[in-house]
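The values are calculated or read from the model by the stated rules, or taken from the named source; none is laboratory data. Bear in mind the structure is a predicted one, so any value in this text is a computation, not a measurement. With ideal geometry, Cβ positions are generated from the backbone for all residues, glycine too; neighbour counts draw on all protein chains shown.
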Amino acid sequence: MDQKLVAVAVELLDEEGWPALSLDRIAERAGVSRATVWRHGLTRASVEALLRRRLVADYRELMWAPLTMDGSGRDRLTAALHSLCAVAERNLPLLAHTEEAFHGPDLDGVGEQLDFFGPWLRILEAGAADSTLDPPEDRERYVVALTNLTLLTYVHLRAFHGPYGWTAASTADCLIDLLASGYRQDLSGCRPGGGPGRRRR
């Protein structure tokens with residue numbers, strides 16, 4: 001698949017969503033003929049499959065470091081949340097237009113399998129063992145809540161509030177600070193580019 005045409009398709013997805021991924025729109029944006037796009041096999045289905053495979057590869061790559069790093073379970077959980085934000089940043093065009101990118105049936109449809117829970121459960125186990133974390137009995141449910149709170153909020157803020165100061169770093173810091181400390185604490189990470197009292201959207 002031609003990578004320049006793929007980049008054009010991803011750009012259209014990022015700007016306008018899935019309906020923009022037609023042969024005509026890709027050809028128009030790329031400055032090529034409709035037949036050229038067709039010969040390279042660029043359809044909505046093929047682009048979606050490619051992006052889902054990239055998502056899985058990025059998740060496996062970026063979750064490896066917190067899974068294997070030295071440090072307490074709490075430190076590793078914080079690092080894992082930062083890694084999840086990094087995965088989201090690499091895959092914003094896809095994640096901004098689907099909330100089910102990590103769901104099993106969607107990955108099965110493109111021939112991918114992913115042990116999403118494995119790294120998180122191992123980190124929680126390590127944190128329970130060293131007493132830096134106190135996870136509930138139903139750890140899978142805990143992971144579902146924690147990762148969805150992080151991933152969906154990160155994607156929304158980056159995709160739709162970026163112009164208001166929600167950079168990649170400030171968004172990750174704010175979310176993880178909030179999740180780790182709770183809303184009652186002084187959340188210095190939630191002041192992207194400004195001090196207390198400055199209104200942000």
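Within the bounds of the range 6-15, is there any residue that is outside the structural domain of LEU149 (by TED's automatic domain parsing), surrounded by fewer than 20 Cβ atoms within 10 Å (Cβ to Cβ) and without any contact (Cβ under 8 Å) to a residue 12 or more places away in the chain?
Yes, that holds for at least one residue.
Among the numbered criteria (1) without any contact (Cβ under 8 Å) to a residue 12 or more places away in the chain; (2) loosely packed, with under 14 Cβ neighbours inside 10 Å, which single criterion is violated by VAL144?
The one condition VAL144 does not meet is (2).
Of all residues in the range 34-78, which are closer than 21 Å to ASN91 by Cβ, among the polar types (S, T, N, Q) and not in a helix (DSSP H, G or I)?
Result: THR43, single match.
Of all residues in the range 27-61, which are in contact with a Leu (Cβ under 8 Å, 6 or more places away or on another chain), hydrophobic (A, V, I, L, M, F, W, C) and closer than 13 Å to VAL87 by Cβ?
LEU51, LEU55, VAL56
Pairs under 6 Å by beta carbon, first residue over 12 Å from GLU11 (Cβ atoms) and in the same structural domain as GLN3 (by TED's automatic domain parsing) in the range 24-36, partner assigned to a helix (DSSP H, G or I) and among the polar types (S, T, N, Q), six or more apart or different chains?
none
Would you mind finding the one in ILE176, ILE123 that is of a type outside the set (Ser, Thr, Tyr) and in contact with a Cys (Cβ under 8 Å, 6 or more places away or on another chain)? Reasoning before the result, please.
Values: ILE123 fails: in contact with a Cys (Cβ under 8 Å, 6 or more places away or on another chain).
Criteria check complete, one pass: ILE176.
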